[in-house]
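So the structure is just underneath, and the comments pick up after that.
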Amino acid sequence: MLFLTIAKSFDVIATVSSRLKITEYLSDLFKQATPYQAKIISYLALGLLRAVYKGTKFNFSHKSLIKTLADLFDVSEKEIETKAKSIGDPGGVVELYHWAGKDKNLSLEDMHRKLCEFEELSGTGSQDKKFIFLKDLLLDVDQLSAKFIIRIIEDKLRLGFSDMTIIDALSWTAAGDKSLRGKIEHAYNICADIGLIA
C-alpha cells in the first residue's frame, strides 16, 4: 500500500463531519491493508508513530517547519508564515505553490520508517540534519503526501476523530457492524496500543 493511498483517504476524511461516514472510510482503508499496515494506519491517523504511552516526539519546531517550506518554495519565511496563519494549516501551504517534488511512490511502511528516522535524529546539529532530511523527504513525494507529512510532524492532522472511532472502524472491518466494539474496546483498555489491536 502506498502512503499516497493513506493521504488521499485522510484528505477525504478531513472534509467529513459525520462520524459514521468517517468510520466507513477508515474501515474501507483497513480492508485494503495487511495487519501490519493496519497497525501503522492506526498510529498515523492519531498523529503517532507508535502506541501513545511510548510517545512520539519529533522535536522539530513550527518555526523550523516554516523554514523548511520557505526553502522548498524559495520564498521568505514571513510569506509562508502569513499563508499558514491565513489558512490555519502549515500543511495546506504546500498546495498553494508549484510542486517540484518527484513522487517516488513510497509505501506506507517506507514512510513510517522515514518518519521514525526523522524523529530519531538528535544531538549536535540535529535541527540542521532534520531540516535537510525533511526537505529531501518532501521532494520524494507528491503534493498531497507532503501536506500530510507536515501535518503529522506538526501534530495537527485535522481529521476530527479519536481512538474510539478507530475502534468502531475495526469492528466494521471485522464484522460489518459495531457488534465487536465492546470486545475491541476491552482489549484496548487492557493494552492501550491501538496499533497492536488493529
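The values are calculated or read from the model by the stated rules, or taken from the named source; none is laboratory data. Because the structure is a prediction, the values reported are computed rather than measured. All Cβ positions, even for glycine, are placed from backbone atoms using ideal geometry, and neighbour counts span all protein chains on display. Accessible surface is based on the protein model in full, side chains and every heavy atom, while ligands, DNA and RNA are left aside. Shrake-Rupley method; radii C 1.70, N 1.55, O 1.52, S 1.80 Å.
Structure values in brief
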quantity: Unique residue being more than 13 Å from the chain's Cα centre (by Cα), open to solvent by less than 20 Å² (accessible area, probe 1.4 Å), of a type outside the set (D, E, K, R) and closer than 24 Å to T34 by Cβ when the list is I184, I197, I152, I166; calculated: I166
quantity: Scan of region 147-198 for residues that are on the phi > 0 side of the Ramachandran plot and touching a residue at least 24 places away in the same chain (Cβ under 8 Å), ordered by number; calculated: D155, R158, G160, A192
quantity: Test: V141 is in contact with a helix residue (DSSP H, G or I) (Cβ under 6 Å, 6 or more places away or on another chain), open to solvent by less than 30 Å² (accessible area, probe 1.4 Å) and over 23 Å from K21 (Cα atoms); calculated: no
quantity: Region 15-44: number of residues that are crowded, with 17+ Cβ neighbours inside 10 Å and part of a loop (DSSP other than H, G, I, E, B); calculated: 1
quantity: In region 17-40, the residues that are at pLDDT 95 or above, within 19 Å of R158 (Cα to Cα) and among the small types (G, A, S); calculated: S27
quantity: Tally of residues being open to solvent by less than 70 Å² (accessible area, probe 1.4 Å), of a type outside the set (K, R) and within 19 Å of the chain's Cα centre (by Cα) across region 97-116; calculated: 11
quantity: Qualifying residue in region 51-65 (condition: hydrophobic (A, V, I, L, M, F, W, C) and open to solvent by 40 Å² or more (accessible area, probe 1.4 Å)); calculated: yes
quantity: Flag for G55 being in contact with a helix residue (DSSP H, G or I) (Cβ under 7 Å, 6 or more places away or on another chain) and not aliphatic (A, V, I, L, M); calculated: no
